[in-house]
Amino acid sequence: MQVCVTLLTTALLVVSACYTESPPEQRWWAGGNVVACLGLGLTSVESLPVLLHGVIGYGVVAFGLALVLRGLRVHCAANLSWPAIGVITAIALLIPAWFTLVAPSLRARLCFSGFYFALLNWLCAVVVARHGVWRVSIVSLTGFVLLGLALFLRGVHMLLHGDLADRSSSLAMGLSTLAIPLAQICIAFGLIQMVMWRYAERLRRLSTLDALTGALNRAGLDLQGKRVGLRALRGGRSLAVIMIDVDYFKQINDTHGHPVGDEVLRHLARLLKLELRPHDLMARFGGEEFVLVLDGVDRAAALNIAERVRARIEDAVVDWEGVSVRYTASLGVVCSDQHSYDLIRLISAGDVAMYEAKRAGRNRVAVG
């Protein structure tokens, strides 16, 4: 049963990794499972030369687990160096080699394999626990912990029972035999679930972010803006909105081309981000129109921020492939102290104030 479950879970990971845009961690997991399966096969066939099934097989299993560990660290934006993988593999080769070739002891070799492979699985569990999202990683975390516990109990059983002939009747051995395939299933499905969640998060970000500037788009503003407004209302804080529109943007596109116009928008987004705190929002509201949503900022403070942004824009120079462009922007400032906390109403009032700034001559700030 263990062999069948191992092969099935390995095949599941391999199939899930066999497409062009599969993430690198998924390929590490699949490759690691294939290698570990090969190692398990070598250790199980006692008719092979003792060097293969008693030494190399353990090293191959450890190498496979190290590849899985590397994939987990890659998934968590880290890495596991090849020298570290080499050390993990070398330990699994040297100690079984001692108990096979120098001081032959099947009992000692099985004890070591149980404890060592339990440790490697628990290392995988630690990586998942430290860097994973609990509701997503709990399945794979449970699998690694359970598999490590089963292997550890098997090692303890070997350590305490000198007669290996009766190990199949042991309760600990029976529980470990049941736990190992269950843990393998948890690990396989948990790893796939982690990748699916990563893709879902990426799609969510793509659906709420403007591809050109990295700012929120209208959908993202609607989703997150309501939360910010509700949070400010419950906390009794002011909520300010600043509308920003690039002056004569059509002339920039017509004179210098759309690539330069795109760079102007990216440049503006970078300048606006300098004014943002972690709980503030920036969104691209239209073609060349942006909006800032500032939590806990009153009308006077918002006016100072808007004037600082306007001055920065006026003083900046945008360089793009040998073309230098200066531009200005008109800004409208509104606050919940004068209007409601309803984000749609605030944006509408900010839009009116922004167009007042344009009618007054552009490159200025108007308050609504």
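The values are calculated or read from the model by the stated rules, or taken from the named source; none is laboratory data. What you are looking at is a predicted structure, and each value in this text was computed from that prediction instead of being measured. Counting neighbours? That spans all protein chains shown, and the Cβs are built from the backbone with ideal geometry, glycine included. These accessible areas exclude ligands, DNA and RNA; they are computed on the full protein's heavy atoms, side chains included. Shrake-Rupley method; radii C 1.70, N 1.55, O 1.52, S 1.80 Å.
Structure above, values below:
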{"quantity": "log10 of Debye I(q)/I(0), alpha-carbon scatterers only, for segment 1-125 at 0.14 Å⁻¹", "calculated": "-0.61"}
{"quantity": "Segment 6-69: GluC sites (Glu not before Pro) in DSSP coil with no more than 15 other Cβ atoms inside 10 Å", "calculated": "Glu21, Glu46"}
{"quantity": "Nearest-ten-degree value, helix 171-208 long axis tilted from longest Cα axis of the chain", "calculated": "20"}
{"quantity": "Partners for Lys250 among aspartates and glutamates (Cα-Cα distance below 15 Å; same-chain residues under 8 apart left out)", "calculated": "Asp262, Glu263, Glu288, Glu289"}
{"quantity": "Difference of contour (0.36 nm per residue) and Cα-Cα distance, Phe189 to Val133", "calculated": "18.6 nm"}
{"quantity": "All-pairs alpha carbon distance profile, segment 312-368, 10 Å steps from 0, percent", "calculated": "24, 36, 25, 13, 2"}
{"quantity": "Relative pair counts by distance (%), Cα atoms of segment 248-368, 5 Å bins", "calculated": "2, 11, 21, 24, 20, 12, 6, 3, 1, 0"}
{"quantity": "Tensor-based shape of segment 52-99 (alpha-carbon gyration tensor, a/c under 1.5 rounded, otherwise prolate or oblate)", "calculated": "prolate"}
{"quantity": "Principal axis box of segment 74-117, alpha-carbon based, largest edge first, Å", "calculated": "42, 18, 7"}
{"quantity": "Accessible-area ranking of His131, His75, His258, His279, largest first, probe 1.4 Å", "calculated": "His258, His131, His279, His75"}
{"quantity": "Selected from Ala183, Ala62, Ala349 as most flexible by GNM, with the chain as the system and alpha-carbon contacts under 10 Å", "calculated": "Ala349"}
{"quantity": "Loop-resident sites, segment 34-136, for chymotrypsin sites (Phe, Trp or Tyr not before Pro), counting at most 16 other Cβ within 10 Å (DSSP)", "calculated": "none"}
{"quantity": "Residue-averaged 222 nm ellipticity for the chain, from DSSP H runs of 4+ at -39500 (n - 2.57), nearest 500", "calculated": "-22500 deg cm²/dmol"}
{"quantity": "Top positive-direction residue, dipole computed over the chain with Cβ charges, set Met243, Ala300, Ala232", "calculated": "Ala232"}
{"quantity": "Under 5 Å, built H, 5+ apart or other chain: amide partners of Leu209", "calculated": "Asn217"}
{"quantity": "Cα long-axis angle, helix 106-131 against the chain (0 to 90 degrees, to the nearest 10)", "calculated": "10"}
{"quantity": "Loop sites in segment 233-327: GluC sites (Glu not before Pro), DSSP, at most 14 other Cβ within 10 Å", "calculated": "Glu321"}
{"quantity": "Relative packing of 267-274, 331-338, which averages over residues the other C-beta atoms within 10 Å, highest first", "calculated": "331-338, 267-274"}
{"quantity": "Centre separation in Å (Cα based) which lies between segment 101-154 and segment 208-287", "calculated": "48"}
{"quantity": "C-alpha long axis of helix 2-17 to longest principal axis of the chain, angle in °", "calculated": "30"}
